[in-house]
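One structure is given here, and the rest of the page talks about it.
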Amino acid sequence: MENKILGLHHITAIAGDAQRNYDFYTKVLGLRMLKKTVNFDDPKTYHFYFGDGVGTPGSILTFFPWPGVKQGENGAGMATGIGYSVPEGSLEFWKERFEKFNVPHNGISKKFGEDVLAFQDPDGLNLELIVPENKDVRRPWETAAVKAKVAIKGFHNVTLTLKDHKATAEILTDVFGYELVGTENNLVRFKTNAVENAAIVDILEDPKAGRGQNAGGTNHHVAFRVKDEETLMAFREKVMQKGLQITEKINRDYFFSLYFREPGGVLFEIATDNPGFATDETVEELGSSLQLPDRYKGARAQIEKALPELKQ
Ligand code: ZN
């Protein structure tokens, strides 16, 4: 089988207050907290994963909540927009919900022919709810307040802001197997036919954009999906053949990863489907207690003491 990138795996962003972040994504947006762990490189910081019921790649938004973090700034060389897929007819529900919870949002607009409701999370991260043109049969997580008929199904697209789109486009098309499918104003849309959903990368080309500042309310990296480690390592070769530097394979407990900075400056990750999130807790238990990688297990008491308290 041809080795292809299977759309988005996860997106990682930076938040400030952990409780505020948790409350917004689980209670207002109705996503499931799939995993509560720590930043593997800084165990005094949480790492939260929010997504569907089982942690399907393409549904997962993760955060490092750093209390008191300075506000970042969107700009060139970063992912500046996250689009979630929602069911047809749900945008009015969401608009009312955003009004109820004082979530900053725009009116419903159109992008590439699709209805879009743009909003911001409490840290100022830019998000959109989009009714995709193609049918989305993914099964969402359901809560008492956000039922399946309106619930977020997973990612639709990610938007990268770049001064010039060409070098990044070449990575998307030549290495990842995406195709240019359309342009609208200064937006260029790329899509892969390897998957049905979470298949789109939009590039917002802005030659005058300042360099983005990665801190609170901005995205840290975008992870693309491959099925297994063999495919992951095949992509490592392909990226190196483009003259780019890429890390060794890193074990992130729930997936294996490679990181590289694409020519436009955005930090890209490639991550595997295996082993998934139901490794250290069952599907029913996902996100219910703090999970630590082996190397921090002996320090659980100190780590728990250093982390801010989180009320469910
Ligand atoms: Zn990642």
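Taken over the range 59-78, the criterion of being surrounded by fewer than 24 Cβ atoms within 10 Å (Cβ to Cβ) and either under 24 Å from Gly298 (Cα atoms) or within 16 Å of the ligand (Cβ to nearest atom) (or both) is satisfied by Thr62, Phe64, Trp66. Go through the range 236-279 and report how many residues are in contact (Cβ under 8 Å) with a residue 40 or more places away in the chain, within 13 Å of the ligand (Cβ to nearest atom) and part of a strand (DSSP E or B). Total satisfying the criteria: 7.
Being surrounded by 19 or more Cβ atoms within 10 Å (Cβ to Cβ), within 25 Å of Phe119 (Cβ to Cβ) and within 16 Å of the ligand (Cβ to nearest atom) is the requirement here; does Val222 meet it? Even if it seems obvious, please write down each step before you answer.
Numbers: surrounded by 19 or more Cβ atoms within 10 Å (Cβ to Cβ): yes; within 25 Å of Phe119 (Cβ to Cβ): yes; within 16 Å of the ligand (Cβ to nearest atom): yes.
Spelling it out, Val222 is indeed surrounded by 19 or more Cβ atoms within 10 Å (Cβ to Cβ), within 25 Å of Phe119 (Cβ to Cβ) and within 16 Å of the ligand (Cβ to nearest atom).
Of the residues Lys147, Lys95, the single one that is part of a helix (DSSP H, G or I) and of a type outside the set (S, T, N, Q) is Lys95. Is it the case that the range 301-310 has a residue that's of a type in the set (A, V, I, L, M, F, W, C), within 15 Å of the ligand (Cβ to nearest atom) and within 26 Å of Gly53 (Cβ to Cβ)? No, there is no match, as no residue in the range 301-310 is of a type in the set (A, V, I, L, M, F, W, C), within 15 Å of the ligand (Cβ to nearest atom) and within 26 Å of Gly53 (Cβ to Cβ). What about Gly107, is it of a type outside the set (A, V, I, L, M, F, W, C), farther than 16 Å from Gly30 by Cβ and outside any strand (DSSP E or B)? So Gly107 does not fit the description; no. Answer yes or no: is there a residue in the range 26-38 that is within 16 Å of the ligand (Cβ to nearest atom), closer than 20 Å to Asp123 by Cβ and in contact with a helix residue (DSSP H, G or I) (Cβ under 6 Å, 6 or more places away or on another chain). There is no residue in the range 26-38 that is within 16 Å of the ligand (Cβ to nearest atom), closer than 20 Å to Asp123 by Cβ and in contact with a helix residue (DSSP H, G or I) (Cβ under 6 Å, 6 or more places away or on another chain).
Give Thr56, Thr12 a once-over and let me know the one that is within 16 Å of the ligand (Cβ to nearest atom) and part of a loop (DSSP other than H, G, I, E, B).
On the way: Thr12 fails: part of a loop (DSSP other than H, G, I, E, B).
The unique qualifying residue is Thr56.
Bear in mind that the values in this text are calculations on the coordinates, not laboratory data. Source: prediction; values computed, not measured. Counting neighbours? That spans all protein chains shown, and the Cβs are built from the backbone with ideal geometry, glycine included.
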